[in-house]
Amino acid sequence: MAWTRTHGAKFAPEKYQLMHFTRRPKKFNMQATVQIPKFQAGPVPVMRILGIHLDPKLKWGPHVRLTAAKAASHMASVTRLTRSTWGATFAQARQIYAAVIRPAMSYGCPVWFALGDERANRNRLIYPLQTVLKHEASVEPLDLHLERLAVSYSAKTENSEGDRTVEAARKAVETRAQHRFKTKGTALARQDKGKAAIGKEIEAVWTARWEEYQQQARTQVSHERHLAVAVRTPWTRGLRTKERLTKVKSTVATLLRMEHIGLNDYLFRRRVPGYAKPDCDYGCPRQTPKHIVLFCTMHTTRRSSILAEAKMSDYIELLSTEAGLRAVTKWFLQWDILTQLSLAKLVYGEKPGRRGRRPGAYVDEDDSDC
Ligand SMILES: [Zn+2]
C-alpha cells in the first residue's frame, strides 16, 4: 500500500476474491482468510477468471454447469424462433447454433475439456439439439466438436507433450469407435497423424451414433414406414447430396426429410391451434410430405413431369438422392406448394376444434387409395 502511494498506482481490494486450491479440502482450513485492508470477504466456492469458472479442486463442473445453463437459454430462444415459423428458418437456426451458441459453450475448452477422458466428459454438457437435427444440420455433436478443438489446440503447442496428448486422444476415440459402437477399426486412420486421424475417428463415432439412434427410433414405431425419411436412410457423409443443392432447396429438402413441415399431419400431431385434423383438404386421411409428393389429387397433373425428370418414383429414393431431391424441391419451390397449402388453410380454414391425437386416426398412405 505504501508502494502504491509513491507510484501513483491504485488497487481495489473490495473487488478481490479469495479461493484456496486443493484436492484435499479436509486437510486444510478452507475458511482461512487473508489480512488486506478494505478486503473483508471470505473464500468463494466459484471464481470467474477470463471467462472460465474455477473451483477449489480445479474441477470443471461449475464452469460446465453455468455454461450449459447459459446455452440452454440461448437454445430456448432459437427454438422459439424456429417454431414460430414452423421450421422455415432452419438454415438460420443452424447458423445461429454454429456461430453463437456453440462458441459460447466451447469457450476455453482446451483448458477444461478432459481430452481423451470419455468418462469425465460424458453427460457433463447439456446438448439440447436432437440427434436427428444434428445429423440433418450436419452439425458435429458437441462432445466430438470439443474433442476436435482440444486436439487442434494440443497440436498447436509444438512440444512432445502435445504430440503425446494427440496420440492418446486419437487412440481413445478409436477404441471407443471399436468397442462401444462395434465399428471396424480404420486402418487408414492409423497411418495418418493428428488432426486428420481425429477427423476420421470422429466421423466414425458420429456415424455409429446415428445408427444407434436409428435403431432406437425403429423400436418406437410399429412400422418402418412411420419414420421420417431422414431416420430411415443411412448415414451419408455431411449429406453431400444436400450440399450440392441451393440453400433454399436444401432447406426444403431437410424439412421434407425430417417431416418437420407446415403440413396438416405434422401441425395436428404437434397440437398447433387451428389444426384439428391431420387430413388433407382433398379428403385424404393424412397430409404428409409423402402424400403430397406421391398421392395427393391436388397435384396430379404436375407430379408426372417431376417423376419423369427425376427418373424415379420410389419415395425414399426421391428424398435421399441428389436427382430426386433436386426434382422434388424444385417442384415445391416453383409452384410454391407450401404457401399454397397454408393459403388454402386460410381460405377454407376451420375453426380450432378439439386438440390432441385421436385414437385410430393414424392411417398410413400405403393402406389407402388416395
Ligand atoms: Zn391430398
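The values are calculated or read from the model by the stated rules, or taken from the named source; none is laboratory data. Note that the structure is predicted; figures quoted are calculated from it, not measured. No Cβ is skipped: glycine too gets one built from the backbone with ideal geometry, and neighbour counts run over all protein chains shown. SASA here: full protein model, heavy atoms, side chains in, ligands and nucleic acids out. Shrake-Rupley method; radii C 1.70, N 1.55, O 1.52, S 1.80 Å.
Overview of results
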item: Any hit, segment 317-326, residues being open to solvent by less than 70 Å² (accessible area, probe 1.4 Å), within 16 Å of the ligand (Cβ to nearest atom) and at pLDDT 85 or above; result: no
item: Complete set of residues in segment 292-316 that are open to solvent by 20 Å² or more (accessible area, probe 1.4 Å) and within 11 Å of the ligand (Cβ to nearest atom); result: L294, F295, T297, M298, T300
item: Selection status of R83, modelled with pLDDT under 70 and surrounded by fewer than 15 Cβ atoms within 10 Å (Cβ to Cβ); result: yes
item: Selection status of K242, more than 14 Å from the ligand (Cβ to nearest atom), under 18 Å from T329 (Cβ atoms), open to solvent by 70 Å² or more (accessible area, probe 1.4 Å) and at pLDDT below 80; result: no
item: In segment 270-291, the residues that are near the ligand (Cβ under 9 Å from one of its atoms) and open to solvent by less than 10 Å² (accessible area, probe 1.4 Å); result: C280, C284, Q287, H291
